[in-house]
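These notes are about the structure you will find just below.
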Amino acid sequence: MKLHGTMRVNGRGHLEIGGCDTVELAREFGTPLYVMDEALIRNTCRQYYESFVERYGKADVIYASKAFLTTAMCRIIEEEGLGLDVVSGGELYTALSARFPASRIYFHGNNKSRHELVMALEAGVGRIMVDNFYELEMLEQLAAGMGKRADVILRISPGIEAHTHDYVKTGQIDSKFGFTLPNGQALEAVRTASKLRHVHLHGIHCHIGSQIFEMESYAHTVRVMMEFINQIREETGLVMEELDLGGGFGIYYTQADSPASVSDYADVVMGTVRQEAESFGLPVPRVIVEPGRSIVGNAGTTLYTVGSIKHIPGVRKYVAVDGGMADNIRPALYGSRYEAIIANKAEWPAEEVVSVTGKCCESGDMLIWDIELPRVTPGDVLAVPCTGAYGYTMSSNYNRLGRPAAVLVHEGAADLILRRETYEDLLRNDVIPDRLRSKKVVSMVSRK
């Protein structure tokens, strides 16, 4: 298994992250447990800031908080000089509760409610990413009624299909997101937005997908979007000040993945923007990128405790852990693959091929198929790396399982940033109507 960030095998033969023995973390905080490597998160943020902002200027890096969002994470992102991309009232509320600067918040979403837009206008978020004509009209009405001006960027669907899973493709024509470019809808949206009194159009946005490795996909996207910016100028006289290229930069999960460096990514994007601007005689727009997965994905590791083991001779050996699809839906949803290590046997050689299953009442609750591990026994601590993105944020209470705790590890210290949900938490929103409060025992015999 590849070691990421501050991971190492310590003198006890245990996996260590952030100077903390993961076996001891499992004992202290319980499992399943999300472990977040603070140093790796910060280092990746700095790579983005240095590669885009310091090297090229006229650029902003906006963290896509849907990957992993807590109030503590908001503090880290603010300290590292990045902005924050939110996609719901809940994410916005989290950011504001953490006192994240509203002017550095970008509010996304294809179906924002009136309440969410009012919330954004009252808070004074930096940009509202408008996704459709319905939202554009509603935003104008709300801003007028509140005596506000909405600073917006229009989300465009450019008709580009990145090489990724169908569920995470977002830039193609047949998509729920954005104004479609090839059929003229995007230009119509620009014309409409430019005529509104309480909406100020700053630029255009696109996002072509997730877990993208081919840098040419980004270069092609830039060329398409810059050509559209030139078309906007020629047909309306408007010059777009900002070009938001979304996120989607791929990361390592297994040996099958070969991500580029953040520096190379920046060179491709910024270099192509400048080339196209010069070609069209356009001013270079402010470039915005929205990394999420690539900032926290490799920084997160989930710890599990091994329970039952089922061996079907000649078929497969199942190793069950105390988590599963409720804390990591990606294998079931996307067919995502992961590596793993037995944290308390980190130096032991692989002896058997097993499949790691969760504890949910679903045949599809499989975390890893056919992985080579040392001899597995009940009580072992299994560590699955690269779960920092879309693990906690896509977790659920399926089977009435409580969501796991999360700790932030750094230089030998482990700080709780998410409490483990209790059984009481699971009942917190349950309500029994008055008519059901008195117990009525029905005899099964009387029903015959």
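When segment 53-68 is filtered for residues that are farther than 15 Å from residue 287 by Cα and surrounded by fewer than 24 Cβ atoms within 10 Å (Cβ to Cβ), only 66 remains. Residues that are surrounded by 14 or more Cβ atoms within 10 Å (Cβ to Cβ) and in contact (Cβ under 8 Å) with a residue 60 or more places away in the chain number at least 3 in the following strands (runs of 3 or more DSSP E) confined to segment 344-448: 381-385, 405-410, 413-418.
Only residues that are within 20 Å of the chain's Cα centre (by Cα) and over 15 Å from residue 388 (Cβ atoms) were counted in segment 9-49, giving 4.
Just checking, does segment 66-78 include any residue being in a strand (DSSP E or B) and among the hydroxyl-bearing types (Ser, Thr, Tyr)? No, every residue in segment 66-78 fails to be in a strand (DSSP E or B) and among the hydroxyl-bearing types (Ser, Thr, Tyr).
Only residues that are over 18 Å from residue 242 (Cβ atoms) and in contact with a Phe, Trp or Tyr (Cβ under 8 Å, 6 or more places away or on another chain) were counted in segment 259-295, giving 9. For segment 112-158, the set of residues classified as in a helix (DSSP H, G or I), over 18 Å from residue 189 (Cα atoms) and of a type in the set (D, E, K, R) consists of 114, 116, 122, listed by residue number. Note on segment 169-184: among residues that are surrounded by fewer than 17 Cβ atoms within 10 Å (Cβ to Cβ) and of a type outside the set (Lys, Arg), the one that is modelled with the lowest pLDDT is 173. Total residues in segment 190-208 satisfying the condition of being over 13 Å from residue 156 (Cα atoms) and either small (Gly, Ala, Ser) or in contact with a helix residue (DSSP H, G or I) (Cβ under 9 Å, 6 or more places away or on another chain) (or both): the figure is 10.
Results for (1) under 27 Å from the mean Cα position of the chain (by Cα); (2) free of Cβ contacts under 8 Å to residues at least 24 places away in the same chain; (3) surrounded by fewer than 21 Cβ atoms within 10 Å (Cβ to Cβ), shown as yes or no for each residue.
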{"site": "231", "(1), (2), (3)": "no, no, yes"}
{"site": "240", "(1), (2), (3)": "no, no, no"}
{"site": "248", "(1), (2), (3)": "yes, no, no"}
{"site": "264", "(1), (2), (3)": "yes, no, yes"}
{"site": "269", "(1), (2), (3)": "yes, no, no"}
{"site": "274", "(1), (2), (3)": "no, yes, yes"}
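Within segment 186-202, being crowded, with 17+ Cβ neighbours inside 10 Å and over 19 Å from residue 148 (Cα atoms) holds for 186, 187, 189, 190. If you check 294, 279, 308 for being in a helix (DSSP H, G or I) and surrounded by fewer than 15 Cβ atoms within 10 Å (Cβ to Cβ), only one passes: 279. Listed by first and then second residue, the pairs linking a residue in segment 95-112 that is within 24 Å of residue 177 (Cα to Cα) and at pLDDT 95 or above to a residue that is among the acidic types (Asp, Glu) and assigned to a loop (DSSP other than H, G, I, E, B), with Cβ atoms under 6 Å apart and 6 or more places separating them unless they lie on different chains, are 110/131. For segment 193-229, what are the residues that are in a loop (DSSP other than H, G, I, E, B), among the charged types (D, E, K, R) and touching a residue at least 40 places away in the same chain (Cβ under 8 Å)? Matches in segment 193-229: 197, 214. Only one of the numbered conditions (1) over 29 Å from residue 337 (Cβ atoms); (2) not assigned by the TED database to the domain that holds residue 386 is violated by residue 28, and that is (2). Residue count for segment 85-115 under the criterion of being among the hydroxyl-bearing types (Ser, Thr, Tyr) and loosely packed, with under 14 Cβ neighbours inside 10 Å: the result is 3.
Taken over segment 300-325, residues that are within 13 Å of residue 390 (Cβ to Cβ) and hydrophobic (A, V, I, L, M, F, W, C) amount to 1. Does segment 24-37 hold any residues that are surrounded by 24 or more Cβ atoms within 10 Å (Cβ to Cβ) and part of a helix (DSSP H, G or I), and which are they? Passing the criteria: only 25. Out of 59, 39, one residue alone is touching a Phe, Trp or Tyr at 6+ places or on another chain (Cβ under 6 Å) and either closer than 26 Å to residue 261 by Cα or among the hydroxyl-bearing types (Ser, Thr, Tyr) (or both). It is 59. All conditions in (1) touching a Gly at 6+ places or on another chain (Cβ under 6 Å); (2) among the aliphatic types (A, V, I, L, M); (3) over 21 Å from residue 152 (Cα atoms) hold for residue 240, with the sole exception of (3). So the check is Cβ under 8 Å with 6+ separation or different chains; which pairs have a first residue in segment 312-323 that's farther than 19 Å from residue 362 by Cβ and assigned by the TED database to the domain that holds residue 383 and a second one that's assigned to a strand (DSSP E or B) and among the charged types (D, E, K, R)? Pairs found: 317/310; 317/352.
The values are calculated or read from the model by the stated rules, or taken from the named source; none is laboratory data. Keep in mind it's a predicted model, so treat the numbers as computed, not measured. When we count neighbours, we look across all protein chains shown, and the Cβ atoms used for this are built from the backbone with ideal geometry, even at glycine.
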